[in-house]
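Derivation of every value follows stated rules applied to the coordinates shown; laboratory data play no part. Since this is a predicted model, take the numbers as computed values, not measurements. Virtual Cβ from ideal backbone geometry, glycine too; neighbours counted across all protein chains shown.
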Amino acid sequence: MAKKDENTADAIILNILPSLGEPQNKNILLLDFYPPEPFQIFVTKNKDFYNNKYVAIFSAQDKGTGIDHYEIKESFLGLESAWRRRESPYQLLDQNLFSIIEVKAVDKVGRERVERFIPARVVYALVAALALLLFAIIGFGYNLLKRVIKKSKFGGI
């Protein structure tokens, strides 16, 4: 019978990734090179859901380490606001839907994916504001042109 060398082993157990759930050892290196997958934000309201208030519903997938948390911000008419950690479904603060809604999915190594929902009311408001600005510029230009022509030698024409 052969004598065992003390430098050999009968079996090697190599634990590369922990089982699903929280890692037992916080020093384990998790390799994840990709952010969460693209996802959609749905905005809806229902009389049986959050007292008929508008809510945002979202869910992202991450094929690497999984989703750690979500953050959301509502930017009223495009003005910046702060990110807040929230879960889906999320009751919107702006029930008039004049805010751009952004949801950030963050995986367990910190990679992020941000998706946006722009309500139609925001688009209509921006188009109306641009149209008013354009009409004001045209009106100002027309009045200025009339004054220039009146003062010029072609004023009698």
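Counting only residues that are among the acidic types (Asp, Glu) and farther than 12 Å from ALA105 by Cβ, which one in region 36-91 is surrounded by the fewest Cβ atoms within 10 Å (Cβ to Cβ)? Spell out how you get there, then give the answer.
Within region 36-91, the subset among the acidic types (Asp, Glu) is 37, 48, 62, 68, 71, 74, 80, 87.
Add one more test, that the residue is farther than 12 Å from ALA105 by Cβ, and what stays is 48, 74, 80.
On the way: ASP48: 6, GLU74: 20, GLU80: 8.
Ranking the qualifying residues of region 36-91, first place goes to ASP48.
A quick yes/no check of all residues on (1) surrounded by 10 or more Cβ atoms within 10 Å (Cβ to Cβ); (2) among the β-branched types (Val, Ile, Thr); (3) not in a helix (DSSP H, G or I):
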position: ASP94; (1), (2), (3): yes, no, yes
position: ILE100; (1), (2), (3): yes, yes, yes
position: LYS104; (1), (2), (3): yes, no, yes
position: ARG121; (1), (2), (3): yes, no, no
position: ALA125; (1), (2), (3): yes, no, no
position: ILE137; (1), (2), (3): yes, yes, no
position: LYS146; (1), (2), (3): yes, no, no
position: ILE149; (1), (2), (3): yes, yes, no
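Could you tell me whether any residue of region 46-66 is in contact with a Pro (Cβ under 8 Å, 6 or more places away or on another chain), assigned to a strand (DSSP E or B) and closer than 11 Å to ARG113 by Cα? Step through it out loud before you land on a result.
Step one: of region 46-66, the residues in contact with a Pro (Cβ under 8 Å, 6 or more places away or on another chain) are 49-50, 55-57, 60-62.
So of that shortlist, the ones also assigned to a strand (DSSP E or B) come out as 49, 55-57.
This time we only want the ones that are closer than 11 Å to ARG113 by Cα, so: none.
Within region 46-66, none of the residues are in contact with a Pro (Cβ under 8 Å, 6 or more places away or on another chain), assigned to a strand (DSSP E or B) and closer than 11 Å to ARG113 by Cα.
What residue, among those in region 107-157 that are aliphatic (A, V, I, L, M) and touching an Asp or Glu at 6+ places or on another chain (Cβ under 7 Å), is nearest to LEU97 (Cα to Cα)? Quick ask: steps written out before the conclusion?
So the first thing to find is which residues in region 107-157 are aliphatic (A, V, I, L, M), and the list is 109, 114, 118, 120, 122-123, 125-134, 136-138, 144-145, 148-149, 157.
Filter once more, keeping what is touching an Asp or Glu at 6+ places or on another chain (Cβ under 7 Å): 109, 114.
Values: VAL109: 33, VAL114: 19 Å.
Among them, the one singled out is VAL114.
Tell me, which residue of region 90-131 that is of a type in the set (S, T, N, Q) and free of Cβ contacts under 8 Å to residues at least 40 places away in the same chain is nearest to TYR50 (Cα to Cα)? It would help to see each step written out before you state the result.
The first filter runs over region 90-131 and keeps only residues of a type in the set (S, T, N, Q), leaving 91, 95-96, 99.
Still in the running and free of Cβ contacts under 8 Å to residues at least 40 places away in the same chain: 96, 99.
Details: ASN96: 15, SER99: 19 Å.
Result: ASN96.
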